[in-house]
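Throughout, read-outs are computed from the coordinates displayed, never taken from laboratory work. What you are looking at is a predicted structure, and each value in this text was computed from that prediction instead of being measured. No Cβ is skipped: glycine too gets one built from the backbone with ideal geometry, and neighbour counts run over all protein chains shown.
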Amino acid sequence: MKSNVAINIKFARKLINKKSAMIPKVSIIMGSTSDLTVMEGAAKILNDLKIPFEMNALSAHRTPEKVEVFARSAYDRGIRVIIAGAGMAAHLPGVIAAMTPVPVIGVPIKSSLDGLDALLAIVQMPPGIPVATVAINGAGNAAILAAQILSIADSSLFQRLVVFKEELKDKVVKANQELSEVTYEFKVNP
Ligand code: AIR
């Protein structure tokens with residue numbers, strides 16, 4: 001018969017290997033799966049920065065009770081930043097922010113009225129209940145901001161963000177190299 005220690009070690013290995021054993025720090029929430037094409041932009045960046053996250057659809061209008069359960073339990077489940085995207089009358093980020101002190105970043109989704117309806121619904125929060133609002137469809141920026149918030153207490157993530165910012169600089173240097181190869185009769189190169 002196997003000893004208890006051997007069984008425990010086997011169980012611990014299984015847990016370490018299992019990706020689901022990771023505790024999410026960021027929660028990506030969207031009002032509908034029709035927002036997914038935009039919200040994937042946040043998922044990609046969190047993944048690149050090696051930040052465990054979860055992704056769910058919840059609607060302030062269609063599933064208000066579930067939104068409340070989510071918001072009130074988020075901190076105890078280890079969630080430290082919430083990214084909430086919604087279109088139209090986009091109440092989701094604000095309703096979540098009303099029910100938890102975990103910082104909420106709102107992503108206005110361009111679903112109708114060019115996204116201006118969602119932008120105003122998310123950004124115009126009443127005093128006392130802030131939602132950090134990014135650009136219309138700006139899910140990528142929401143993820144970077146979430147990472148920056150988490151990096152305050154995580155020096156290795158801070159270093160990954162330093163590298164990320166350096167890579168942005170490299171992109172501009174490369175773009176200028178490419179532009180220098182574009183020729184016009186009256187274009188003067190530096
Ligand atoms: N929405 C869903 N419940 C409340 C709101 N504001 C938003 C979604 C989506 C839009 O309504 O975030 O952007 C249209 O949703 P659907 O499911 O009809 O495609």
Review point. Which percent of Cα-Cα pairs in the chain sits in each 5 Å bin, short to long?
Key: 1, 7, 14, 16, 15, 12, 9, 8, 6, 5, 3, 2, 1, 0, 0, 0, 0, 0
Review point. Quick one: if the Förster radius is 22 Å, what FRET efficiency do residue 110 and residue 56 give, using the C-beta to C-beta distance and rounding to 0.05?
Key: 0.55
Review point. Listed here are the pairs 50/171; 25/165; 44/110; 110/171; 44/171; 165/187; which of them are more than 25 Å apart at the Cα?
Key: 110/171; 165/187
Exercise for review: Starting with the highest mean, order 63-70, 182-189 by the number of other Cβ atoms within 10 Å, averaged over the residues of each peptide.
Suggested key: 63-70, 182-189
Check your understanding: Regarding the range 18-71, what are the three Cα extents along the principal axes, ordered largest first, in Å?
Key -> 32, 24, 16
Study note, to complete from the structure: In nanometres, the difference between 0.36 nm per residue of separation and the alpha-carbon distance of residue 181 and residue 166 is 3.1 nm
Practice item. Excluding residues on the same chain fewer than 8 positions from residue 174, give the aspartates and glutamates whose Cα lies under 13 Å from its Cα. Key: 166
Exercise for review: List every residue whose amide H lies under 5 Å from the amide H of residue 55, counting only residues 5 or more places away in sequence or on a different chain, with H placed 1.01 Å from N in the peptide plane.
Suggested key: 28
Point to revise | FRET E, pair residue 189, residue 44, Förster distance 35 Å, beta-carbon r, rounded to 0.05 | key: 0.50
Review point. What's the FRET efficiency of residue 159 with residue 69 using the Cβ-Cβ distance as r and R₀ = 45 Å, to the nearest 0.05?
Key: 0.80
Point to revise | Mean shadow area of the range 81-139 over all directions, Cα convex hull, nm² | key: 3.2 nm²
Exercise for review: Collect residues whose amide H, placed 1.01 Å from N in the peptide plane, falls under 5 Å from the amide H of residue 85; neighbours closer than 5 in sequence don't count.
Suggested key: 29, 30, 31, 107
Review point. Dividing the alpha-carbon Rg of the range 112-186 by 2.2 N^0.38 Å yields what?
Key: 1.63
